[in-house]
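Data first, discussion second: the structure below is written as structure tokens.
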Amino acid sequence: MLALGLVLAAPATAGATAGTSDLSAYLKARAADAAGRPDLAAASYARVLTASPADPVVAIRAYREALEAGDMALATRAAAVLGKAGVAPADAALLPLADAARQGDTKAASAAIATLAAGPLVVLAPSLYAWVAHAEGRDPEPSLATAAKDPVASRFAAETRTLIAAAPARQPLAIGVSRLLARLASDLAAGEPSPLSIALTQAALRADPRYDGARVLLADALARTKIVDRALAVLDEIDPKGPSAVAAAAERIDILANADRDGEALAAAKNRVDQPGAGAADWQRYADLLLTTGNPAEAATYYQRVIAADGDTGGSWAAWLQYGGALDQAGRWPEAREALEKAVARGPAQPLALNYLGFAQVEHADDIPASIRLLERATRLDPTNASITDSLGWAYHLSGDTARALPLLETAVQAEPTNAEIADHLGDAYWSVGRRYEARYAWRAAVLTAEPSDTARLTAKIANGLPPKARR
């Protein structure tokens, strides 16, 4: 057992050399782990585990890093150490289950399911036993019926019942197990990143290495754990002509964008929209990236394609809102107003559409009374939305009714104290009624979270106040 304190305290003899080497490998493993390099971390932990084959502290780290790196031999080895020490995590039983499923060994699979059923993954047991029964040519219904008392287990059982009904007789156990594990991993993808997601998807692939859908889920789980390069490498393994190719392309773009690798994300998205089979989802994703990276004019052309793809429906209110917003940011206000009016016409009860058109008209000094009516409607529909409250207050202020505006702007700032635009508006309103100290305080608050492009303007306000008749 590798005890860090004992290694550091060992005498400087020939026998201590191995301990020093183990410590070096351990520290390298921790450093690689911190750097998001599970491949290097797993290799180092493998060396440490070889030197300390009974140490559960090393084994649990080796187990997790091995799953992230896809080193299933090391994961199996580490899981065995943890099992012998009686401290194996619940998901360690997934590996023998996956191996048994791949080999079609229903007896070994049943033993692994029994182990899973003793822990938090018990919700999978009825469905897993059902797949075993189906693989053996038995009726799966008695196993599925045991899920009746648990709503989560019942949901998996209902889906399994449908899949088994559509499956060929005695379908290979590997396919059923793989799909079920991936299904749970897909559910977990909506929450916080978890080692369980990685364990489930690796086990799904262990059971059925051809299942690219699990690779997409694995890449997503890795990326959400900030292991981006490994996630991209997993996507590289997916058949570019297979059924998961489109999902893999979309996942790659999302991973790159979320990692702030905008250039690579844009290139990947552009490559996708240039493919013969590209559709509205691809255009939408590319347009969103173009907009967030400062190219609203090009984004507008792709949002327009999304609208055109709706055919006879003429585009949803949300599609027209995005198109109008891109046109507005591109400096094409007359076209933007027309698009935003269509968004409101298609979504007359949508606060976002009402707010965008109302606020944009205010910013362009375009029919402020009509803008106020739009914003009042939006406020009635969503009275707790700070951005809408701010828009209405700002419109009142620009119409000359600052007394009515101030309570709204103050409410909006209290709701979103780090919103620089709202604080900026409140500062302007304070200044216009002679509350100079409070105005500067609001502008100073705005500077703290403002975009760099707004800092100079806000700093000038703090120093000099607003010029006569200035709106901002």
Measuring from a point 7 Å past the Cα of residue 139 along Cα-to-C-beta, which residues in region 165-181 have an amide N at less than 19 Å?
165-167, 169-171
Formal net charge of residues neighbouring residue 162 (Cβ-Cβ distance under 15 Å; K, R +1; D, E -1)
+2
Calculate the tail of P(r) for region 83-177: the fraction of all Cα-Cα distances greater than 24 Å, expressed in %.
16
Quick one: grab Rg to one decimal and Dmax as a whole number for region 180-276, Cα atoms only, in Å.
12.9, 37
Residue 110 paired with residue 241, simple spin-label distance in nm, labels 7 Å along Cα-to-beta-carbon
4.3
Near-label residues of region 90-119 by backbone N, under 14 Å of a point 7 Å along Cα→Cβ of residue 170
104-106
Taking only the alpha-carbon atoms of region 277-348, the convex hull volume per residue, in cubic angstrom, is 72
Residue 335 paired with residue 280, simple spin-label distance in nm, labels 7 Å along Cα-to-beta-carbon
2.1
So if each residue of separation counts as 0.36 nm, and I subtract the Cα-Cα distance between residue 187 and residue 298, what length gain in nm does that give?
36.4 nm
Compactness ratio of region 345-472: Cα Rg over 2.2 N^0.38 Å, N = residue count?
1.02
Length gained when the stretch residue 229-residue 318 is fully extended (0.36 nm per residue, less Cα-Cα span)
28.7 nm
Across the chain, how many lysine pairs, 8 or more positions apart or on different chains, have C-alpha atoms separated by under 27 Å? Please give the number.
7
Per residue convex hull volume, Cα atoms of the chain, in Å³
211
Distance-filtered residues of region 179-193 - backbone nitrogen under 17 Å, label point 7 angstrom along residue 152 Cα→Cβ
180-193
Förster radius 60 Å - calculated FRET efficiency between residue 103 and residue 448, Cβ distance, rounded to 0.05:
0.50
Full extension from residue 76 to residue 273: what is 0.36 nm times the residue separation minus their Cα-Cα distance, to one decimal in nm?
66.8 nm
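Laboratory data are not the source of any read-out in this text; all were calculated from the coordinates shown. Because the structure is predicted, anything quoted here is derived from the model rather than measured. Backbone-built Cβ (ideal geometry, glycine too); neighbour counts: all protein chains shown.
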